[in-house]
1. Of the conditions (1) within 22 Å of residue 376 (Cβ to Cβ); (2) at pLDDT 95 or above; (3) within 18 Å of the chain's Cα centre (by Cα), residue 327 clears all except one; give me its number.
2. Restricting attention to segment 67-76, which residues are surrounded by fewer than 16 Cβ atoms within 10 Å (Cβ to Cβ), out of contact with any helix residue (DSSP H, G or I) (no Cβ under 7 Å at 6 or more places or on another chain) and in contact (Cβ under 8 Å) with a residue 24 or more places away in the chain?
3. Scan segment 255-266 and give yes if some residue there is surrounded by 16 or more Cβ atoms within 10 Å (Cβ to Cβ), modelled with pLDDT of 95 or more, part of a loop (DSSP other than H, G, I, E, B) and touching a strand residue (DSSP E or B) at 6+ places or on another chain (Cβ under 8 Å), otherwise no.
4. Which of the residues that make up segment 144-166 are within 26 Å of residue 323 (Cβ to Cβ), in contact with a helix residue (DSSP H, G or I) (Cβ under 7 Å, 6 or more places away or on another chain) and outside any helix (DSSP H, G or I)?
5. Can you go through 360, 329 and tell me which one is surrounded by fewer than 17 Cβ atoms within 10 Å (Cβ to Cβ) and out of contact with any strand residue (DSSP E or B) (no Cβ under 9 Å at 6 or more places or on another chain)?
6. Only one of 112, 139, 132 is surrounded by fewer than 19 Cβ atoms within 10 Å (Cβ to Cβ), modelled with pLDDT of 95 or more and assigned to a helix (DSSP H, G or I); which?
7. Out of 306, 311, 334, report the one residue that is modelled with pLDDT of 95 or more and buried (at least 17 other Cβ atoms within 10 Å of the Cβ).
8. Among what's in segment 47-57 and is modelled with pLDDT of 90 or more and touching a helix residue (DSSP H, G or I) at 6+ places or on another chain (Cβ under 9 Å), pick the residue that is surrounded by the most Cβ atoms within 10 Å (Cβ to Cβ).
């Protein structure tokens, strides 16, 4: 019997995943990760991890599998929380869920599991794993989950071949309603439990409150930039090369306060992110205001009216070599090579047609259609049909 250690989170997905593994004849052990215990920043006075760990324990009991808790809060603080503060400070918007999978679940947690003699680590993610043979070598594929509405392959976009080799995703072939149905039939305590929101593992957190622990509030101005601003006038230029064109399409506009008018005040540019609408507290505009850029050095937030504001829309983005990652190393592009893909810049965004262009310093992703609020620090992931083959941090 192969031994599988499953991350039991106290949610319905991992509960059903554990049951399915047992049905498939694996020796299953449930492990709950405790990753956070600073309750001063959660919104409600519930203690989310305590409830979750109790639910996980009840599920393990019901399924008749051994259960234990591991405390990874130190590694979580170091690798996720500190990284987040650092990124926000730089004016970038990190994705803690993607990092959590790369750094915690499929690294720290996986290593603990392997030390406990596990052959595999399993999670309740809605995605699938494929295996193909190429040049006499086994290559692992990360495939989208069958439930298009719940597919979570994007969150695993930073996994490596080594990590995939040891991973199992038991519910990838199921839809969410099917998973709930199985949990109900088994009378699991998690059957009706709502999906967790908020930061991976921390529970419902007010982001500004959380960030304020380290990033001090600092009053600054909110500037509204009109759509007609000259800075948005596209000069029809002849580009001397494809790379020059891509550089132009992905450029970051350098806004100045006198490009628009001051419409309000804020408590810190690093609490805001591109495309954000809530929390600006500025009224009286014909269309809602959206953040089109933040300048953390000058502590200014630039905004524009409406979803179609030119400051929100871009056709290309860039990923540096340091932040470029191929799950399918065998498909990695060489210099000046291109690849037609489907890509997304955030979870749940419908896949968009795009072309990858490899240049010396990194990789451009050029979209067919304009994309809204391409945000530095977030991840772009690209697919060939339903396989996620690579990803990178938007620079």
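1. (1)
2. Correct list: 68, 71.
3. yes
4. Let us first name the residues in segment 144-166 that are within 26 Å of residue 323 (Cβ to Cβ), namely 144-145, 151-166.
From the residues that got through so far, the ones that are in contact with a helix residue (DSSP H, G or I) (Cβ under 7 Å, 6 or more places away or on another chain) too are 144-145, 155-159, 161, 163, 166.
Scanning segment 144-166 gives 144, 145, 157, 158, 159, 166.
5. Only one candidate qualifies: 360.
6. Details: 139 fails: assigned to a helix (DSSP H, G or I); 132 fails: assigned to a helix (DSSP H, G or I).
Going through 112, 139, 132 in turn, the sole match is 112.
7. Of the residues listed, the single one that is modelled with pLDDT of 95 or more and buried (at least 17 other Cβ atoms within 10 Å of the Cβ) is 311.
8. 56
The values are calculated or read from the model by the stated rules, or taken from the named source; none is laboratory data. Note that the structure is predicted; figures quoted are calculated from it, not measured. Ideal geometry is used to build each Cβ from the backbone, glycine not excepted, and the neighbour counts take in all protein chains shown.
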